[in-house]
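The values are calculated or read from the model by the stated rules, or taken from the named source; none is laboratory data. All of these numbers come straight from a predicted model, not from anything done at the bench. Don't worry about glycine lacking a Cβ; one is built from the backbone with ideal geometry, like all the others, and counts go over all protein chains shown. Just the protein is used for accessible areas: all its heavy atoms, side chains included, with ligands, DNA and RNA removed. Shrake-Rupley method; radii C 1.70, N 1.55, O 1.52, S 1.80 Å.
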Amino acid sequence: MTAAGGFTRFLRHGWPVALLTAGLASLAACGGGYNAPRSGGGGGQPNNLQAVQVNLGPAGNDVDTLLASVTVCLPGTSTCQIIQDVNVDTGSEGLRILASQTGLHLPQEKDASGNPLGNCITFADNSYIWGPVVVADVQIAGEQAASVPVQIIGDPNFATVPAACNTGGAADDTVTALGANAILGVGVFRQDCGAACAGNAAQAPNVYFSCPNSGCSIAAVPLQNQLQNPVWLFPQDNNGLLLSLPSVPATGSSSVSGSLIFGVGTQSNNGLGSVQVYTTDAQGNFTTTFNGTPYSSSFIDSGSSGFFFLDSATTGMPACTGGNSGFYCPASTMNFSATNTGANGASAAVSFTIANAMSLFQSGNSAYSNLGGPNSGTFDWGLAFFFGRQVFVGIENQNSPAGPGPYWAY
């Protein structure tokens, strides 16, 4: 059994977010949703609670992929569509929907000169995501955000990908390549790029592009026109979120159900309790100390499948062979401990285990708490970290009982 995948995107954070697959037999992708009216939480459940699942995903071959449904609407109308199998990603900001998965003709976001705006994500394996920025009302559970800039991935009617975005790899514009029908970025920041993209276009990264008929060029984009973390735009429960997933056995689980709960300390179901709060630096990172060495570019990321950290020489674990080289394959399960320290000085040890990825994949399960791989010089605490924990995300400059974000808490 093989696995394919790569570490993803530089936007605001420079974080490697892994969408990694287990190479199982692919299934047909789900359809493009359907028109549906707006609705509240329904069923007597709190309006801030959205069910999430971990399963093999719409392509039928993904592991440790956290999925939810999101409703998008033409702004100010009841013409809506439910997008199923949306990857919930605390390692990025903004909603990004595959063009093949939406039938809505959402209005185009434009720059000050009236030119359409494009958005680009580039990946470490040279693959990329490209598409227009459009505007939609976004509903998750009973929470709604109005007129949110979102991206449509791989829109065939939009401008050709510019050279500054296409770095020579493939476009991740299919369900199989993306591992989901859309990505819901709900990380610790309000926008996907922030001040770096809002200043001088000559100094801006290759994230936003102005696209007149003559072709696309890198552009500076005001904060309000960038892709937005929709949570902070909710009228309430807008200071962060809580992801709660149960534990899974050492051999994994065929599927897992959990909760995405909006707000921190705003309702009876999202109180911080006794969790420890770890504030971050300006890039959303904290420090992980492993075997006495501190690594300051560490983060918690539900969009990555496992624990991605350091290298074989440092961890003593070999990488798997063949298409599974992005994972560790120790001869036997290994136990580790590391210490996380926030910018606020809060510090505590974390124990975790890494099993042989090849052996795990042979089970055919989709949810693993002991999956890991190399990621030189840093710690990416991916979805494997979330099992059996309540993990809070505090959004920048949004007040909460723990103070303003950005922070992680668990």
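Based on alpha carbons, the Rg and Dmax found for the range 141-235 are 14.7, 43 Å.
Convex hull of alpha carbon positions in the range 174-328: directionally averaged projected area 14.4 nm². Calculate the tail of P(r) for the range 207-251: the fraction of all Cα-Cα distances greater than 16 Å, expressed in %. Distances greater than 16 Å cover 65 percent of the Cα pairs. Computed over the Cα atoms of the chain, the ratio of the radius of gyration to the Kirkwood radius (Rg/Rh) comes to 0.94.
Helical content of the chain, expressed as a calculated mean residue ellipticity at 222 nm, amounts to -500 deg cm²/dmol (DSSP H runs of 4 or more residues, -39,500 (n - 2.57) each, divided by residue number, nearest 500). Expressed as a whole percent, the proportion of Cα-Cα pairs in the range 260-347 lying more than 18 Å apart is 60%.
Here the label points at Ser274 and Thr79, each 7 Å from Cα along the C-beta direction, are separated by 5.3 nm in the simple model.
State the Cα centre-to-centre distance between the range 254-278 and the range 350-379 in whole Å. After rounding, the separation between the Cα centres reads 24 Å. If you bin all the Cα-Cα distances of the range 241-311 at 10 Å, starting from zero, the percentages per bin are 14, 36, 37, 13, 0.
Within the accessible surface of the chain, defined with a 1.4 Å probe on protein heavy atoms only, the carbon and sulfur portion equals 50 percent. Extension gain for Ala319-Ala196 works out to 40.7 nm (0.36 nm per residue, less the C-alpha to C-alpha distance). In this simple spin-label model, placing a label point 7 Å from the Cα along the Cα-to-Cβ direction at both Ala163 and Leu233 gives a separation of 3.4 nm. With protein chains left intact and a 1.4 Å probe, residues in the chain average 35 Å² of accessible area per residue. Relative contact order of the range 154-251, taken over Cα pairs closer than 8 Å and 6 or more residues apart, is 25 percent.
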